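The values are calculated or read from the model by the stated rules, or taken from the named source; none is laboratory data. Here the structure is a predicted model, which means the values were calculated and not measured. Here the Cβ positions follow ideal geometry from the backbone for every residue, glycine too, while neighbour counts run over all protein chains shown. Please note that ligands, DNA and RNA were not included when accessible areas were found on the heavy atoms of the full protein model with its side chains. Shrake-Rupley method; radii C 1.70, N 1.55, O 1.52, S 1.80 Å.
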Amino acid sequence: NHGNEYACWLQYNKIKESAWMEEYKTWCSNLVVVENSEVINSAKAELLRGISSMLGFNPSVLMEPQQKTLIMLGTIGKTDLLDNRINKQEFEHLNPDGYVIKTVTVGEHNRLLLIGKTEKGALYAAFHLLRLMQTRKHLHNLDIIQNPKNPLRMINQWDNMDGSIERGYAGKSIFYENNKITTRLDRIKDYARLLSSVGINAIAINNVNVHQVETKLTTSEFLPDVAKIADIFRAYGIRTFLSINYASPIQIGNLPTADPLEPKVREWWRERVEEIYRYIPDFGGFLVKADSEHRPGPFTYNRNHADGANVIAEALNPFGGLVIWRCFVYNCLQDWRDRSTDRAKAAYDHFKPLDGKFLDNVILQIKNGPMDFQVREPVSPLFGAMENTNQMLEFQITQEYTGQQRHLCYLVPQWKEVLDFDTFAKGEESTVKRIVDGSLFQYSNCGITAVSNIGNDTNWTGHTLAQANLYGYGRLTWDPDLSSEEITDEWVRQTFGHDPLVVEQIGKMLMDSWRIYENYTSPLGIGWMVNPGHHYGPNVDGYEYSVWGTYHYADCHGIGVNRTVKDGTGYTGQYFPPNAQIYESLESCPDELLLFFHHVPYTHRLKSGKTVIQHIYDTHFDGVEQAEGLKQRWTSLKGKIDDARYDSVLKRLNEQIEHAREWRDVINTYFYRKSGIPDEQNRTIY
Ligand code: GCU
């Protein structure tokens with residue numbers, strides 16, 4: 001037991017308030033579980049762990065409901081004991097993994113039913129009950145029906161087998177060390193518990209950039225160990241996936257080619273997949289980064305992405321496996337002098353023409369942000385543009401461009417905006433969340449995935465408050481209609497308890513933090529302006545004269561990328577109307593995305609009434625003050641939070657303030673020197 005830092009939101013701290021204690025004790029003294037399966041056993045174990053820790057006694061586990069008041073856990077259709085107590089029709093409308101939590105009273109008998117449509121549903125119901133208790137909700141008169149909106153609720157680990165994590169900011173990998181799979185499986189089990197408690201049901205366990213050793217994860221050299229990891233996740237309802245190297249047939253198969261249309265290559269994938277399923281019968285499938293940032297892919301053989309994905313999908317199909325094919329494909333050797341190539345357009349240009357060409361067990365994984373996980377970007381125009389091709393959404397929980405877990409940046413409000421964005425692909429209400437949950441176009445496979453933010457730091461996420469991003473991500477994949485406020489409140493109570501000041505102050509810190517980070521970093525949707533390579537800290541021209549296609553085009557007159565159809569790159573034309581028109585026109589383009597879509601003079605007036613240059617100055621001065629405000633809120637909680645967590649967060653907030661000042665001064669100075677326009681308020685700019 002490493003304490004509250006390690007336990008995250010599954011602390012199950014002893015309940016002191018006597019009224020709650022009495023109520024929970026009444027319900028939780030007896031637990032009836034008649035089924036016996038791995039997943040049900042995980043649910044049972046979690047209930048026992050949570051209840052004994054919160055209430056201080058071990059509930060009796062019974063096979064028969066003899067007691068007056070008790071909890072019953074199970075799956076619908078498995079035993080009359082449960083079926084007789086509930087209207088089975090309620091389950092007909094549930095998605096797999098859905099569940100019902102209900103308190104029923106028959107005569108003298110009170111029953112709290114936790115019933116899943118599947119055994120995974122029962123596991124989620126158990127976690128839900130524990131959440132109710134941890135957030136101090138009454139258990140009388142429960143009548144809850146829960147239905148996960150997204151079929152796939154996934155996590156991508158960018159872990160390498162040498163133990164490093166690409167874009168990891170919380171220590172080393174919990175999965176690998178010294179080019180082997182770890183033997184510390186207890187930590188992986190705790191990770192599985194955390195993920196499952198928020199509804200995650202799939203995980204790709206290695207980096208999308210698949211290097212030499214990792215290529216062999218699909219072979220008998222490593223499969224026995226991969227199978228051990230899959231066993232752990234399976235017990236928590238999570239399917240294991242591997243990221244693969246598209247050149248595997250060459251690198252490990254000794255074939256001269258990886259051409260997807262070559263029969264020998266096809267045969268090779270089939271054999272590979274067969275072997276994997278011998279070790280892992282419910283293996284999820286492959287995640288593929290191909291023809292992207294120097295990774296191999298079908299382009300080498302003049303084949304397109306559909307050819308590339310389908311050959312692997314064919315091999316996986318008999319076993320129910322999926323190919324998750326990333327759309328992060330763009331020219332990463334661009335000439336900065338060439339203004340016609342636009343990285344933001346690339347995914348749409350590459351994939352839209354292939355609509356309908358992918359097999360049913362292929363899903364296209366589309367990044368949030370047509371560029372790359374920036375603090376503010378428009379939604380990718382590819383969402384909704386492929387009616388006949390399964391799509392899923394990729395977020396980045398790890399804070400590569402949002403402060404690398406040194407800064408507080410709570411991303412749930414950003415993700416909500418993306419999910420709620422109306423693409424108008426099929427008229428009004430064609431929101432991103434309805435596209436990726438499959439309801440708009442009846443996709444057979446779809447959902448949401450995200451790059452994890454965890455490592456082997458004791459608190460998993462480096463910044464303790466960054467745990468909220470992992471929690472909130474999972475909750476949103478289950479139900480994108482939850483509000484940011486609800487998710488935040490749940491997380492704070494489970495993580496820091498119920499003191500009203502704690503709940504209020506931490507809630508405000510989280511809810512304001514994305515905007516604050518945006519304020520003192522790159523303005524008005526332009527993005528980047530970071531140090532090349534590691535991407536931490538300000539460097540306005542860091543990428544300006546490079547090959548990556550990430551430019552701001554600032555000169556002494558103005559700034560921004562002209563992506564209009566009229567006289568720019570034409571990117572706005574990739575959106576459906578009316579979004580296309582809204583972004584195309586300077587008048588209607590929202591302020592926060594202005595420089596993403598338009599090149600304007602510094603004197604251009606925003607809808608806020610400020611000029612662009614004054615907006616840059618003001619937000620950067622404000623941003624630093626707001627960062628200082630975060631610290632004030634936190635220090636007002638001294639004594640209400642354990643020292644370890646209090647001190648470690650305080651340290652990071654201090655660093656954030658220092659670093660926000662650096663951002664402010666570099667950005668303001670750069671634009672003052674470029675434009676020559678003084679600050680209206682005469683503040684210090686260097
Ligand atoms: C970003 C990130 C890379 C990563 C890439 C990807 O560009 O900086 O480290 O490999 O995204 O998503 O594939």
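Ignoring ligands, DNA and RNA, please state the percent of accessible area on the chain from carbon and sulfur, probe 1.4 Å. It is 48 percent, rounded to a whole number. Between the residues P500, F421, A45, the greatest Cα displacement towards the positive end of the dipole of the chain, with unit charges on the Cβ of Lys, Arg, Asp and Glu, is found for A45. Computed from phi, the 3J(HN,Hα) profile of region 443-458 under the Karplus parametrisation 6.51, -1.76, 1.60 (θ = phi - 60°) reads 5, 7, 9, 5, x, 10, 9, 7, 7, 5, 10, 9, x, 8, 4, 3 Hz, with x in place of Gly and Pro.
P577 sits among other residues whose Cβ lies under 12 Å from its own Cβ, and their net charge, with Lys and Arg +1 and Asp and Glu -1, is -3.
The calculated FRET efficiency for D143 paired with K352, based on their beta-carbon distance and R0 = 45 Å, is about 0.50.
Straight-distance candidates among the lysines for linking to K289, with alpha-carbon spacing under 17 Å and chain neighbours fewer than 8 residues away dropped: K216, K367.
Per residue, the accessible area of the chain comes to 36 Å², computed with a 1.4 Å probe over protein heavy atoms only. Think of each Lys and Arg Cβ as +1 and each Asp and Glu Cβ as -1; about the Cα centre, that makes the dipole of the chain roughly 840 debye. Counting charges near A554 (Lys, Arg +1; Asp, Glu -1) among other residues having Cβ under 13 Å from its Cβ returns a value of -1. Taking Cα atoms only, the orientation of helix 119-134 departs from the longest principal axis of the chain by about 80 degrees.
Per the Debye calculation on region 1-120 with a single equal scatterer at every Cα and no solvent contribution, log₁₀ I(q)/I(0) for q = 0.15, 0.19, 0.20 Å⁻¹ amounts to -0.73, -1.09, -1.17. Compared with the dominant principal axis of the Cα atoms in the chain, helix 612-635 is inclined by about 30°.
Other residues with beta-carbon under 12 Å from the beta-carbon of V288 carry, at +1 per Lys or Arg and -1 per Asp or Glu, a net charge of +2.
The residue list I397, A580, Y517 was ranked by how far each Cα lies along the charge dipole of the chain toward its positive end, using unit charges on Cβ atoms, and I397 comes out on top. The 3J(HN,Hα) values that the Karplus relation (6.51, -1.76, 1.60; θ = phi - 60°) gives for region 151-159 are, in residue order, x, 9, 10, 10, 10, 10, 8, 9, 8 Hz. Gly and Pro appear as x. Taking the longest Cα principal axis of the chain as reference, the axis of helix 263-279 is set at about 40 degrees. I'd like to know which of N201, A309, S546 lies farthest towards the positive end of the charge dipole of the chain, counting +1 on Cβ of Lys and Arg and -1 on Cβ of Asp and Glu. It is N201, whose Cα lies furthest towards the positive end.
Of the peptides 357-366, 300-309, the order by per-residue mean of other Cβ atoms within 10 Å, starting with the highest, comes out as 357-366, 300-309. All alpha carbon pair distances within the chain were sorted into 10 Å bins beginning at 0; the resulting P(r) in whole percents reads 3, 15, 24, 26, 19, 10, 3, 0, 0.
In this structure, the amide hydrogen of Q365, modeled 1.01 Å from its nitrogen in the peptide plane, lies closer than 5 angstrom to those of W325, R326, C327, M392, counting only residues at least 5 positions away or on a different chain. The slack in the chain from Y301 to L333, taken as 0.36 nm per residue of separation less the alpha-carbon distance, amounts to 9.6 nm.
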